[in-house]
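Please read the structure below before turning to the comments.
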Amino acid sequence: MSNAIYIILLGAPGAGKGTQAEVLHARFGLTHISSGDLFRENVARQTPLGVLAKSYMDKGELVPDDVTIKMVMERIARPDCARGVVFDGFPRTHAQAQALDAALAQQSKKIGAAVFIQVRDQVLIERLTARWSCPACGAVYNLLTNPPRSAGQCDKDTRALTQREDDKPETVRRRLAVYQQQTAPLIEYYRQTGLLRPVDGEQMIERVTAEVVAIAQAL
Ligand code: AP5
Ligand code: MG
């Protein structure tokens, strides 16, 4: 594995991007940039960006490219990104992918791999409606596949777990449709540049992790 690596985790809502990004962060010290988490932090602080983002997120729509690209470009300019980044949920459109390529090229860097975590829609819907997370530390659980040790409580800090607003079944269905229309074309974009690394995301979390780690180690 070379010094600073830049990895994209590509996949539908619920594919396990956030789960695997945390592993890459812990294992390799990569900075975890989740555009969804950045938006949710702004929503919680009720910033103008948060108010705008919420109006799209609540409907399961993408936040407009200009706003999203500006936010992520500001984030990757920070010093902690020099040691490498795992991108989770960004890019999601061609415009975002091109903006990321251009920004990295300016710093003489480039994407090492776009890991595509593949999961069927039916499994995604089941997973998202069973997801609970800790509002304090962000730890993510799943009532079916990855439950907390004590019901309703975070293993790390015992805070009461909460559900994401956009994990309601009708919003989940819209998010999946938006993914198919606007983000799935990026699979072909990264295939053509030779960066695509498909992974079966329906395996146990630990098996998916082993494949993702092997891809990172080969860079
Ligand atoms: P975002 O926060 O990025 O959500 P998402 O892409 O819809 O993905 P999720 O976070 O729901 O799923 P995940 O793949 O991280 O899965 P997780 O690891 O949690 O975006 C939210 C919204 O913000 C968007 O709808 C949009 O409005 C806006 N937005 C964000 N980025 C944007 C952008 N770039 N452009 C425009 N708008 C943007 O896992 C899910 C569940 O499954 C968990 O319970 C987990 O424990 C479980 N699980 C994980 N892996 C496995 C496994 N292998 N087996 C069994 N269970 C598993
Ligand atoms: Mg996520």
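Within the stretch 26-42, the set of residues being among the hydrophobic types (A, V, I, L, M, F, W, C) and surrounded by 18 or more Cβ atoms within 10 Å (Cβ to Cβ) comprises 30, 33, 38, 39. Among the helices (runs of 4 or more DSSP H) lying completely within the stretch 146-219, list those that include at least 3 residues that are charged (D, E, K, R). Fully inside the stretch 146-219 and qualifying: 169-178, 205-217. Of all residues in the stretch 59-72, those that are at negative phi have Cβ atoms under 8 Å from Cβ atoms of residues that are within 7 Å of ligand 1 (Cβ to nearest atom) and assigned to a loop (DSSP other than H, G, I, E, B), 6 or more apart or on another chain, in 62/92; 62/93; 65/93; 68/62; 68/90; 68/92; 72/90.
Please tell me if residue 68 is under 15 Å from the mean Cα position of the chain (by Cα), at pLDDT 95 or above and either farther than 25 Å from residue 204 by Cβ or more than 15 Å from ligand 2 (Cβ to nearest atom) (or both).
The answer is yes for residue 68.
Within the stretch 201-218, residues that are exposed (fewer than 13 other Cβ atoms within 10 Å of the Cβ) reach partners that are among the aliphatic types (A, V, I, L, M) with beta carbons closer than 8 Å, at six or more positions or on different chains, in the pairs 217/1; 218/1.
Collect the residues in the stretch 23-48 that are in a loop (DSSP other than H, G, I, E, B) and either charged (D, E, K, R) or in contact (Cβ under 8 Å) with a residue 12 or more places away in the chain (or both), keeping them in residue-number order. Scanning the stretch 23-48 gives 29, 30.
Quick one: would you say residue 10 is within 16 Å of ligand 2 (Cβ to nearest atom), farther than 19 Å from residue 182 by Cβ and under 17 Å from the mean Cα position of the chain (by Cα)? So residue 10 fails the test.
The values are calculated or read from the model by the stated rules, or taken from the named source; none is laboratory data. Quick caveat: nothing in here was measured; it's all calculated off a predicted structure. No Cβ is skipped: glycine too gets one built from the backbone with ideal geometry, and neighbour counts run over all protein chains shown.
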